[in-house]
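To keep things clear, I will list the structure first and then write my remarks on it.
The values are calculated or read from the model by the stated rules, or taken from the named source; none is laboratory data. For clarity, every value in this text was computed on a predicted model and none was experimentally measured. Note that each Cβ is placed from the backbone with ideal geometry, even for glycine, and that neighbours are counted across all protein chains shown. Accessible surface areas use protein heavy atoms only, side chains included; no ligands, DNA or RNA. Shrake-Rupley method; radii C 1.70, N 1.55, O 1.52, S 1.80 Å.
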Amino acid sequence: SDGAGEGMVAAIVAAAAPAIDGPSAAAAACNLTACRRFGAVAPRLVIAAPDKSGEGSVADAQVLATSALRRIVAGASLAARVRLNFGGALGLGAVAADGRLRLALDAIFGLGASAQLLLDGAATGEGAIARYANHEELLKDRETMGPGVVLFEGDPTATVDTHALSVPTGSSEQPWIYSPNSQPLLMHLCHDEDQKARWRDHNALGLLDVIRGHVHDLDAHAWWSPPPATDADSITRILGNEAKELANFWNKGVKVNMNSSVLEAWAQLANAPVLVMCPGAQTSVPASLNPNCVIRLGKMDGMMEGWYDGDAEMKHQRNGDGKLKACLAAAGMRITKPAKLCGLKVCMLHEEDAPRIFVFEPGDGAGHRLRNIMDGFAVAAKTGCNFGGVVPSGSFVTEHGHNFRTLLDGFLGPGAADQIFVSPLPNFTKKYEGVRILEANRAKLEKREAVYMPASNEWAWNSSVPPEAFYTDDLRGL
């Protein structure tokens, strides 16, 4: 908007607010979730953000806008940590005039948020009830504070670990693409050829499988921003070149969004519980704001200390370096805790100390995978064994794009996948290549012995034995 329009908005906000002592009457009118978390009379924290816009290039303006965004988000997080309402930021007038900062604030916090978070450039800290340069002193004095404005003159990004705090934005201001109770992971897909090559080199899809190993019911989403095209032929060529690349993500169960604006993508990515970065500038903007689990692949310019290096997980021993699981857990993800032995009723049809049969998970479709597991149940029922579990194939997603762990939970009940796919795997004392060999050696098996029989589909090898001998009434009744 033009200057007159902004002045009108400021006048309306000021008129609607009660008279207060502080840097700006507009601070009292902020009704965003980020501003009013602790009641109407709680002190309001205002950050002083010195204007460093100068006369730099367009690239400098982008960096300044990103830095200002990070300061505001860190200020809101600091306020939440010390149980203060958030009043906004002073001293960002020239940066805001460029337009990028206002657009990004409105995209992340909701339409009109910038008018409430960016205080009048002419305002000062005069009238503040207290001033602080670090959060330790602020926290120490918190209990004795009365209503009014508290001015924070330090750098909130330096004094607060924003990667350990939640950004106090609200679903009422931004419609998220994932449901509140899901386990969301968001990605920004690369379209630059060099960036895509780096993603392939660092095995981004492999990292997605590793993350699913920790969070079985992961809800993965991605944004793809195609390069500009001016005619139908260009669009066809771009889509043709990208089709295989996108199909790799679709086949991994990732929901790809191709219709939203860059600002919408930034708003979603900046608040994602888990964000996997593309090694480019577009993703670094929301990543610099995201206070949760941000995962990078390889070295990047402007890396932040809180970003987790996904390469560490891929290059270390089988269980990684342990930090990825901690990153996911800190972001509120429900970490999968596999059982050591399957304890479902369908697995325990005989005495607890009976031998245990383990089968393999095929790597193709959902039907073939589930068929081998069900046949394993049946063989165990027929041979007087219990079903120990499944040796995973390494890919959670079927060749048709389904998350098999989610399907298994739907078919056998919530938590079934964590029981079926045991961890760690036992030391198998015997391995039999088929049901016929297992039956021939059944009398030799010891109590609780762990037996590996990869394929269980030969259970009907003896035509004189009726199928009901395997698929017993007890098994089918479950």
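Taking amide H positions as placed in the peptide plane 1.01 Å from N, state which residues far from Gly88 in sequence (5 or more) or on other chains have amide H under 5 Å from it.
Ile47
Could you give the nm distance between label points at Asp353 and His400, where each point is 7 Å from its Cα heading toward the beta carbon?
4.4 nm
Once you place label points 7 Å from the Cα toward the Cβ at Ser67 and Thr472, how far apart are they in nm?
Placing both labels 7 Å beyond Cα along the Cβ direction yields 7.3 nm.
On a 23 Å Cα-Cα criterion, which of the cross-link pairs Lys340/Lys447; Lys345/Lys382; Lys252/Lys431; Lys382/Lys431; Lys299/Lys323; Lys140/Lys325 come out too long? Could you put the intermediate results ahead of the total?
Working: Lys340/Lys447 17 Å; Lys345/Lys382 15 Å; Lys252/Lys431 31 Å; Lys382/Lys431 18 Å; Lys299/Lys323 17 Å; Lys140/Lys325 33 Å.
In this structure, Lys252/Lys431; Lys140/Lys325 lie more than 23 Å apart at Cα.
Just to verify a number: what accessible area does Arg476 come out at with the full protein assembly present, 1.4 Å probe, Å² rounded to tens?
The accessible area of Arg476 comes to roughly 150 Å².
Would you work out which of Thr398, Ala416, Ile373 lies farthest towards the positive end of the dipole of the stretch 344-456? Charges go on Cβ: Lys and Arg +1, Asp and Glu -1.
Value computed over the given set: Ile373.
Over the stretch 435-478, with every protein chain in place, what whole percent of the accessible area is carbon and sulfur at 1.4 Å, could you tell me?
Values: 1410 of 2850 Å².
About 49 percent, which is the carbon plus sulfur part of the accessible surface.
Run the quick spin-label model on Arg436 and Glu264: label points 7 Å from Cα toward the beta carbon, then report their separation in nm to one decimal.
About 5.9 nm separates the two model spin labels.
Using the beta-carbon distance between Ala94 and Ile129 and R0 = 22 Å, what value does 1/(1 + (r/R0)^6) give for FRET efficiency, to the nearest 0.05? Each step should come with its number before you reach the end.
Numbers: r = 28 Å, r/R0 = 1.27.
With a Förster radius of 22 Å, E is 0.20.
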